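**Student:** Before I ask anything, here is the structure I am working with.
Values quoted throughout were computed directly from the atomic coordinates according to the rules given, and no laboratory measurement underlies them. Quick caveat, the model's predicted, so the values are computed rather than measured. Positions of Cβ are backbone-derived with ideal geometry, glycine not excepted, and every protein chain shown enters the neighbour counts.
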Amino acid sequence: MSTIERFNEHVMPTYGRYDLVLENGGSCVATDENGKSYVDFGSGIGVNSLGFCDEKWADSVCAQAKKIQHTSNYYYTKVQADLAEKLCGITGYSKIFFGNSGAEANECAIKLARKYSFDKYGKGRHNIITLVNSFHGRTLATLSATGQDVFHNYFFPFVEGFVNVEANNTDDLKEKLDDTVCAVMIEFVQGEGGVISLDKDFVDAVFSLCKEKDVLVIADEVQTGVGRTGKFLASENFGVKPNITTLAKGIAGGLPMGCCLADETCCDVLGKSTHGSTFGGNPVCCAGAVAVLERLTEDGFLQGVCEKSEYLRKKLMSLDGVESLSGIGLMIGITLKDKAAAGVCKACFENGLLALTAKEKLRLLPPLTITKAEIDKGIEILDKVLKNNT
Ligand SMILES: *Cc1c(COP(=O)(O)O)cnc(C)c1O
């Protein structure tokens, strides 16, 4: 039996998958079981921030695995201290909780915000405002937080206490930001929702209204964080600092990790025994994350991300089938003129280019280390697919 047949017989059918078994990665190109190669414009949904199997990253992960691969959180490890110190240094946050995924990072943020309010004001101030068309994860609480009705099926009852406000609608926000609310949770660029940036005016309104009412701002930077937008955090593009920021996807270069970063107002709210995770802050994953941070803080690295973004966006706009682009940095939504994104994405895959979709758009999240030559190769394939009439 083939890999795909064995897989489908024994793995739950929760994903629509392409018929592709990836076997090896090297830089920003991967190869399948038959040796066919694929240029990577998806980075495993924004995860492989340094591409596949970056040598320094692999060295530091392997070295840590050979020293100690896990301890319980009853003990300390040096590598978790190194990572926490580095990450706080880069972002200006005070303290971090380590989990294993984006959804878990957001669960931590939700619990933290509710406890912050409970400790200070008592019961009844537990609601969290999230935005229409947001995406915050697949656990019950984060599904409930997600502002899209298509996610609110089958699994009833959902978690109470989430109120949706229309993105960029300040009047709607003002109306719903009452004294039952403890936090407002936003994505600066809605990723799964279709790569849509928030307006600067709306972001400013969120921050000033929340400050006025002692309501925490939570930024879900699971997709936008860790250099994706050309800044370490997407919030830097808007000149604001949320009380809480969550990171996951790109943080450990391919290993599972979710981080909930809190500022001085709320970094000590989650005390002993209020939250935890067996695998959270795993030393091997921390070693991967330290390698990612070391690369991203090298001189000129993030400037390079901005330059690559400009280069790629210019090339994309010169293609016949492209109507317009959205997003920031190397988080790119493409509105196509007359072709459906899903079909184009599939044809790209057949021609050796890995891309993504988000709603009606083609979505690109290339590794931050992608080269101009690799961009050219990917653009060549996309151009061919867009020109093809079938
Ligand atoms: C991917 C994503 C999540 C969920 O992350 P998981 O690691 O799949 O749990 C949450 N929020 C945003 C904005 C995301 O893009």
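**Student:** If I take every Cα pair under 8 Å that is 6 or more residues apart in the chain, average their sequence separation and divide by the length, what percent do I get for the relative contact order?
**Tutor:** 23
**Student:** 5 Å is the cut-off here: which amide hydrogens, built 1.01 Å from N in the peptide plane, fall below it relative to T357, excluding neighbours closer than 5 in sequence?
**Tutor:** Result for T357 returns R363.
**Student:** Write down the radius of gyration of region 172-240 and its Dmax, each obtained from C-alpha positions, in Å.
**Tutor:** Cα only, region 172-240: 12.4, 37 Å (Rg, Dmax).
**Student:** Okay, moving on. Please list 3J(HN,Hα) in residue order for region 251-261, calculated via the Karplus relation 6.51 cos²θ - 1.76 cosθ + 1.60 where θ = phi - 60°; whole Hz, with x for glycine and proline.
**Tutor:** So the J values, rounded to whole Hz, are 5, 10, x, x, 8, x, 7, x, 10, 10, 9.
**Student:** Now, a different point. Under 1.5 on a/c is rounded, so check that first for region 41-149, then, if it is not, pick prolate when a/b is larger than b/c and oblate when it is not; a ≥ b ≥ c are the square roots of the alpha carbon gyration tensor eigenvalues.
**Tutor:** Taking the square roots of the gyration eigenvalues as a ≥ b ≥ c, region 41-149 is oblate.
**Student:** In whole Hz and in residue order, list the ³J(HN,Hα) couplings for region 190-196 that follow from phi through the Karplus curve 6.51 cos²θ - 1.76 cosθ + 1.60, θ = phi - 60°; x for Gly and Pro.
**Tutor:** Result, ordered by residue: 5, x, 4, x, x, 6, 10 Hz.
**Student:** Check V159: other-chain or 5+ apart residues with amide H under 5 Å from its amide H, H built from backbone geometry?
**Tutor:** Sorted by chain and number, the residues that satisfy this are S144.
**Student:** Still on this structure: Through the Karplus equation 6.51 cos²θ - 1.76 cosθ + 1.60, θ set to phi - 60°, convert the phi angles of region 288-302 into ³J(HN,Hα) values in whole Hz; use x for Gly and Pro.
**Tutor:** Running phi through 6.51 cos²θ - 1.76 cosθ + 1.60 with θ = phi - 60° gives x, 5, 4, 5, 5, 5, 4, 5, 5, 8, 5, 3, x, 4, 5 Hz.
**Student:** Quick one: helix 372-387 against the long Cα principal axis of the chain, what's the angle to the nearest 10°, folded into 0 to 90?
**Tutor:** Value to nearest ten degrees: 70.
**Student:** About its Cα centre, how strong a charge dipole does region 326-373 have in debye, to the nearest 20, once Lys and Arg get +1 and Asp and Glu get -1 at the Cβ?
**Tutor:** 80
**Student:** What does the charge dipole of the chain about its Cα centre add up to, to the nearest 20 debye, if the Cβ of each Lys and Arg holds +1 and the Cβ of each Asp and Glu holds -1?
**Tutor:** 440
**Student:** Follow-up question, since we're still on this one. Give the Debye-formula value of log10 I(q)/I(0) at each listed q (0.14, 0.18, 0.20, 0.22 Å⁻¹), with one equal scatterer per alpha carbon of region 106-177, two decimals each.
**Tutor:** Log10 I(q)/I(0), no solvent term: -0.46, -0.74, -0.89, -1.02.
**Student:** Taking region 1-50, which chymotrypsin sites (Phe, Trp or Tyr not before Pro) meet the DSSP loop condition and have no more than 14 other C-beta atoms within 10 Å?
**Tutor:** In loop regions of region 1-50 (DSSP not H, G, I, E or B), the sparsely surrounded chymotrypsin sites (Phe, Trp or Tyr not before Pro) are Y15, Y18.
**Student:** Ok, one more. Send over the Kirkwood Rh of region 68-296, from the inverse of the averaged 1/r over different Cα pairs, rounded to one decimal Å.
**Tutor:** 17.6
**Student:** For the pairs K66/K372; K36/K67; K95/K272, flag any whose C-alpha to C-alpha distance is greater than 26 Å.
**Tutor:** K66/K372; K36/K67
**Student:** Report the Cα centroid-to-centroid distance between region 139-217 and region 272-301 in angstrom, as an integer.
**Tutor:** 27
**Student:** Among E374, E187, E107, determine the one that fluctuates most according to a GNM of the chain built with springs between C-alpha atoms less than 10 Å apart.
**Tutor:** Result: E374 has the largest fluctuation of those listed.
**Student:** Return the Cα extents of the chain along principal axes one, two and three, sorted largest first, each rounded to a whole Å.
**Tutor:** 61, 53, 48
**Student:** If each residue's Cβ is checked for other Cβ atoms within 10 Å, how do T297, T139, T229 rank with the fewest at the top?
**Tutor:** T297, T139, T229
**Student:** Going toward the positive end of the dipole of the chain, with +1 on Lys and Arg Cβ and -1 on Asp and Glu Cβ, which of G92, A183, I196 do you reach last?
**Tutor:** Positive-end residue among those listed: G92.
**Student:** So how strong a dipole does region 241-366 carry about its Cα centre when Lys and Arg Cβ are +1 and Asp and Glu Cβ are -1, to the nearest 20 debye?
**Tutor:** 420
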